[in-house]
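Below: one structure, written as structure tokens.
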Amino acid sequence: MIYLGTSGFSYKDWAGVFYPVGLPQKDWLAFYAREFNTCEINSTYYAIPGAGMIKALVDKTGSEFLFSVKANQEMTHQRVDISTICQTFRKMLEPMIEAGKLGTILAQFPYSFDYTRQNRDYLALLRENLSGLPLVVEFRNARWLRVEVFQWLRQLDIGFCCVDEPQLPNLLPPIAEATSKIGYIRFHGRNKEKWWQHEQAYERYDYSYRPEELAEWIPKIKKIASLTEKTFIYANNHWKGQSIDTIRQLRMLLD
């Protein structure tokens, strides 16, 4: 099963571009869920909301809708008290788990998270603290791209996040790989100029894909989908709703 959606849905610059002018923000997710069958929740990276907010997300979507939820920054970037933060994170997810709407947890590590024994041990510890929950890892440093790493991820039952991003030194190339029953692909855009140097975070993802660029991914998506039970595809080039167009193009190409 392939799930197609965007990274986040609550962007003010989508009003009048995707959301009808005047539609209350509380109704945005329900409107979004009429067209898409999944959404990647990124706000959990910055702060862990109460379970009530998660239940509100669950209640605004249909029975077949799934969420992917981004791990909190304390879990992937600060990496200090992993046991406490993972317990809090689990508690937050309870309404989503009970409703059967948790697709997976995405742990996106920074570029500075290099391939070292210490970092491998940390990732194994994260898996242990999130045992029983689906988990996908996104590396930003290409030094993790090793056959032995893929084999190790399979042993830990951690999915691998494939990415489309600028082809800059030591960033990940657009490979197709699956290391668990969950396939995962994120489209970040190919804005080389703004990837490392930008004033606002959104500038990094300010990019509109051409059809031929997305067409390159169709055989890769089909390969990943053939190896997994669920494949999640998210567009993260969210500025001015560009990610909406990315997913619509991919859906058309896949159909």
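Tabulated results
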item	result
Long-range neighbours under 7 Å by Cβ, at least six apart or interchain, first residue touching a residue at least 60 places away in the same chain (Cβ under 8 Å) and under 14 Å from ILE244 (Cα atoms) within the range 12-23, second open to solvent by 50 Å² or more (accessible area, probe 1.4 Å) and not basic (Lys, Arg)	ASP13/TRP239
Filter pass, THR44 being surrounded by 14 or more Cβ atoms within 10 Å (Cβ to Cβ), in contact with a Cys (Cβ under 9 Å, 6 or more places away or on another chain) and among the β-branched types (Val, Ile, Thr)	no
Tabulated pairs, the range 72-90, first under 17 Å from ALA51 (Cβ atoms), second open to solvent by 70 Å² or more (accessible area, probe 1.4 Å), C-beta under 7 angstrom, 6+ apart or interchain	ILE85/GLU74
Single match in GLU40, GLU64 (criterion: assigned to a loop (DSSP other than H, G, I, E, B) and of a type in the set (D, E, K, R))	GLU64
Residue that is most open to solvent (accessible area, probe 1.4 Å) [pool: residues in the range 172-195 that are at pLDDT 90 or above and hydrophobic (A, V, I, L, M, F, W, C)]	ILE175
Yes/no for ILE175 being assigned to a strand (DSSP E or B) and of a type in the set (A, V, I, L, M, F, W, C)	no
Residue in the range 230-241 that is open to solvent by 60 Å² or more (accessible area, probe 1.4 Å) and within 20 Å of TYR184 (Cα to Cα) present	yes
Residues within the range 146-170 that are loosely packed, with under 11 Cβ neighbours inside 10 Å and β-branched (Val, Ile, Thr), tallied	1
Per-region count, the range 196-222, residues part of a helix (DSSP H, G or I) and surrounded by fewer than 18 Cβ atoms within 10 Å (Cβ to Cβ)	11
Selected residue [farther than 17 Å from VAL136 by Cβ and modelled with pLDDT of 95 or more] from PHE67, PHE36	PHE36
Whichever residue in the range 127-144 is closer than 20 Å to ILE233 by Cα and not aromatic (Phe, Trp, Tyr) and, among such residues, is surrounded by the fewest Cβ atoms within 10 Å (Cβ to Cβ)	LEU133
Residue list for the range 90-101, restricted to those being out of contact with any Ser or Thr (no Cβ under 8 Å at 6 or more places or on another chain) and crowded, with 17+ Cβ neighbours inside 10 Å	LEU93, PRO95, MET96, ALA99
Matching residues, the range 1-15, being open to solvent by less than 50 Å² (accessible area, probe 1.4 Å) and of a type outside the set (S, T, N, Q)	TYR3, LEU4, GLY5, GLY8, PHE9, TYR11, ASP13, TRP14
Output for the range 16-29, where each listed residue is touching a helix residue (DSSP H, G or I) at 6+ places or on another chain (Cβ under 9 Å) and either assigned to a loop (DSSP other than H, G, I, E, B) or open to solvent by 30 Å² or more (accessible area, probe 1.4 Å) (or both)	VAL17, PHE18, PRO20, LEU23, GLN25, LYS26
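The values are calculated or read from the model by the stated rules, or taken from the named source; none is laboratory data. All of these numbers come straight from a predicted model, not from anything done at the bench. Neighbour counts run over all protein chains shown; Cβ positions are idealised from the backbone, glycine included. Heavy atoms of the whole protein, side chains included, go into the accessibility calculation; ligands, DNA and RNA do not. Shrake-Rupley method; radii C 1.70, N 1.55, O 1.52, S 1.80 Å.
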